[in-house]
Amino acid sequence: MKALTATIATTLLIASMGANATTRSTSDTLVTGFEPTKAAAYNAGITKLNQLKSVPSNVLEYQVEAPLGIVESGTLKVTDDSFVVAEERVSANGQKGYVGIVNVGLSYEEHESDN
């Protein structure tokens, strides 16, 4: 009976901890390499965004600027409001080209302090 009571108490404690999680959002901007055409810049940006969507949360943390120390492990995700734009640039030697700008929307659960 004591084991059953302890199991129920542990389950309730874990459930109450999960109920207090705070979901936060942030964003990051990444720039792709210099491309000769606008279409190539868009493609590079879309490829980068798809790559970010496909990696696990613990890998994503190192590829974007996520708030350090407050992201609950395994909860960082790319959101559906992410998008790509292509921007014209001219290099130092006068070469005209384009870069893909990846605006990455992110969501995560905030790590609750142990204090």
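Surrounded by 11 or more Cβ atoms within 10 Å (Cβ to Cβ), in a helix (DSSP H, G or I) and either at pLDDT 90 or above or not charged (D, E, K, R) (or both), is that true of Leu12?
Criteria not met by Leu12.
Out of curiosity, is Ile46 modelled with pLDDT of 95 or more and among the β-branched types (Val, Ile, Thr)?
Judged against the criteria, Ile46 is a match.
Please go through region 28-39 and give me each residue that is surrounded by fewer than 14 Cβ atoms within 10 Å (Cβ to Cβ) and not in a helix (DSSP H, G or I), ordered by number.
Thr29, Gly33, Pro36, Thr37
Go through Ser73, Ser91, Ser54, Ser82 for me and flag whichever is among the hydroxyl-bearing types (Ser, Thr, Tyr), over 19 Å from Thr29 (Cβ atoms) and modelled with pLDDT of 95 or more.
Ser54
Quick one: what pairs do we get from region 65-83, first residue free of Cβ contacts under 8 Å to residues at least 40 places away in the same chain, second part of a loop (DSSP other than H, G, I, E, B) and crowded, with 16+ Cβ neighbours inside 10 Å, C-beta under 6 Å, 6+ apart or different chains?
Leu76/Ala66
State which residue is farthest from the chain's Cα centre (by Cα) when the search covers only region 83-109 and only residues that are within 19 Å of Val71 (Cβ to Cβ) and aliphatic (A, V, I, L, M).
Ranking the qualifying residues of region 83-109, first place goes to Val104.
Take the residues in region 40-90 that are of a type in the set (A, V, I, L, M) and in a helix (DSSP H, G or I), then tell me which one is surrounded by the most Cβ atoms within 10 Å (Cβ to Cβ).
Ala41
The values are calculated or read from the model by the stated rules, or taken from the named source; none is laboratory data. These numbers were taken from a predicted model, which means no experiment stands behind them. A quick note on method: Cβ atoms are made from the backbone with ideal geometry, for glycine too, and the neighbour counts reach across all protein chains shown.
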